[in-house]
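Please read the structure below before turning to the comments.
Since every read-out is calculated from the coordinates, none of them should be taken as a lab result. This is a predicted model, so every value here is computed, not measured. Neighbour counts are summed over all protein chains in view; Cβ atoms, including those assigned to glycine, are modelled from backbone coordinates with ideal geometry.
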Amino acid sequence: FDPRHYLGTHYYSLPKTGPHRLRFLLESVKDLRETLKKKGSTLVVRKGKPEDVVRDLITQLGSVTTVVFHEEVKEIL
């Protein structure tokens with residue numbers, strides 16, 4: 001969870017993630033974790049800036065050879 005997603009927007013300081021969306025996200029992550037556990041896997045959940053969290057996970061795991069990600073589409077004004 002990137003804390004920047006829960007701050008106000010740049011232009012109008014509106015919340016990027018309101019209470020209903022946050023509840024949906026938390027319930028979805030919980031459900032995904034439970035589903036993965038039933039299949040013998042797990043889900044790593046962290047709070048922080050992705051560029052820091054991913055770097056720390058790679059360092060912690062030590063055997064990472066590939067990292068795949070997608071970039072958030074930004075609105076063009």
Just checking my list [x] -0.49, -1.15, -1.20; [y] -0.37, -0.89, -0.95; [z] -0.35, -0.95, -1.04 against log10 I(q)/I(0) by the Debye sum over Cα atoms at q = 0.12, 0.20, 0.21 Å⁻¹ computed from this structure; which label fits? [x]
Rounded to 10°, Cα long-axis angle of helix 50-61 versus longest principal axis of the chain: 10 degrees
Asserting the computed 222 nm helical MRE of the chain (DSSP H runs at least 4 long, -39500 (n - 2.57) per run, divided by residue count, to nearest 500) equals -14000 deg cm²/dmol
Rounded to the nearest 10, the angle in degrees between the Cα long axis of helix 19-38 and the longest principal axis of the Cα atoms of the chain comes to 10 degrees
With +1 on each Lys and Arg Cβ and -1 on each Asp and Glu Cβ, and nothing else charged, work out how big the dipole of region 3-61 is about its Cα centre, in Debye to the nearest 20. 140 debye
